[in-house]
Amino acid sequence: MTHTQRLETVRSALAERGYDVGDRGGATIAVPTGRTDRIGVPGSLSVVVGRPDPTALLEAIGSAAAAGRTALFVAHPADAAAIRGILTDPPGVADQTERGRTFYNTPDRLPAGDAGLACCRADDPPTWRAEPADGVTGEGTRFVLEADGEAAAAVGTLEDLSCPSADAFEYAYRRNGDGRFRVQKRSTGRVVGRFPSVRELKANAYQPVPAPLVPEAVVDGHLPEAWALATVDGGRVARIEGA
């Protein structure tokens, strides 16, 4: 089945349960009525295709919550476990330990002032984590960019992440008029490499710095209660369950 067919299957199932199902602003909305057999979550639903993409999932939850609705993800059985894994234990983050939280990466890249976009030296894509600012008591938090197991940058607040200072990162890259990507060391202004593509940039251990997916910056509410999951298998709704 296609995503559209699975979505239509869930729409029909909700209508049979007494929801008023329709489209609003390009989204499928299911509103409970006096005769509704609710699926286990309160209020209205935003019914959306569910894919195991952390950014898409949290943005859908955030949009639904902002409209006073719960996101109902419609998923293929092969994707259901991965979706649930992203949204639970720990909810919305890649990992959580006593050391702090490790975030998923988003497709967005962080700027490096007027030098272009930030990058760092690493063989593997870097990740962001939040940790206690003093490393012990948890009084205050800082966001640390980890690259190949080492701290490559650190900022103090979530606001600093959304608009980092020009000197927050060691390297920056930008596309020149000839289509090549130029990498510059920020402290000296020296050009350390020119590459024909971002793929070649990465192959030479210059990794673009991603914006982290910080759940509280996307979802205004309690993430574990803000979604539900409908699994569609073989043209029927196999399961609808709350978070």
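Is region 122-243 rounded, prolate or oblate when judged by the Cα gyration tensor, a ≥ b ≥ c being the square roots of its eigenvalues, rounded requiring a/c under 1.5 and prolate requiring a/b larger than b/c?
Verdict is oblate for region 122-243.
Between R175 and D160, how many nm apart are label points set 7 Å from Cα along the C-beta direction?
Placing both labels 7 Å along Cα→Cβ, they lie 3.1 nm apart.
Can you tell me the FRET efficiency between R199 and A151 if r is taken as the Cβ-Cβ distance and R0 is 30 Å, rounded to the nearest 0.05? Don't skip to the end; give the middle numbers.
Working: r = 26 Å, r/R0 = 0.86.
Efficiency, rounded to the nearest 0.05: 0.70.
Ordered by packing density, taken as the mean number of other Cβ atoms within 10 Å over each peptide's residues, highest first, how do 171-182, 208-219 rank? Before the final figure, lay out the partial values.
Values: 171-182: 14.9, 208-219: 20.8.
Going from most to least packed, we get 208-219, 171-182.
Roughly speaking, what is the stretch gain from T188 to A66, that is 0.36 nm per residue apart minus the C-alpha to C-alpha distance, in nm to one decimal?
Residue separation times 0.36 nm, minus the Cα-Cα distance, leaves 39.4 nm.
Rounded to a whole number, what % of the accessible area of region 95-212 do carbon and sulfur atoms account for, probe 1.4 Å?
Carbon and sulfur together cover 44 percent of it.
Once every DSSP H run of n ≥ 4 in the chain is given -39500 (n - 2.57) and the sum is divided by its residues, what mean residue ellipticity at 222 nm do you get, rounded to the nearest 500 deg cm²/dmol?
Values: 6 runs with 53 residues, N = 243.
That comes out to -6000 deg cm²/dmol.
What translational diffusion coefficient, to the nearest whole µm²/s, does the chain have by Stokes-Einstein, given a Kirkwood radius computed over alpha-carbon pairs, a temperature of 10 °C and 1.306 mPa s viscosity?
Working: Rh = 20.1 Å.
It diffuses with D of about 79 µm²/s by this estimate.
When the Cα centres of region 217-243 and region 95-174 are compared, how far apart do they sit, in Å?
So the two Cα centres are separated by 30 Å.
Using the Karplus curve 6.51 cos²θ - 1.76 cosθ + 1.60 with θ = phi - 60°, work out ³J(HN,Hα) for each residue of region 145-160 in order, rounded to whole Hz, and write x for Gly and Pro.
8, 9, 10, 6, x, 10, 6, 9, 6, 8, 10, x, 9, 5, 5, 5
For region 95-212, what does the relative contact order come out to in percent, with C-alpha contacts under 8 Å and a separation of six or more?
Relative contact order, region 95-212: 32 percent.
Peptides 110-118, 1-9: what's the order by average Cβ count within 10 Å, highest mean first?
Peptide ranking by packing, descending: 110-118, 1-9.
What ranking of D53, D220 comes out by heavy-atom accessible area, probe 1.4 Å, highest first?
Ranking D53, D220 by accessible area, largest first, yields D220, D53.
Scan around R69 for amide H atoms under 5 Å from its own, H built in the peptide plane at 1.01 Å from N, and keep only partners 5 or more places away or cross-chain.
Under 5 Å from the amide H of R69: no residue qualifies.
The values are calculated or read from the model by the stated rules, or taken from the named source; none is laboratory data. Owing to the predicted nature of the structure, the values given are computational and were not obtained by experimental measurement. Methodologically, a virtual Cβ is constructed for each residue, glycine included, from the backbone with ideal geometry; neighbour enumeration extends over all protein chains shown. Side chains included, ligands, DNA and RNA excluded: accessible areas come from the protein's heavy atoms. Shrake-Rupley method; radii C 1.70, N 1.55, O 1.52, S 1.80 Å.
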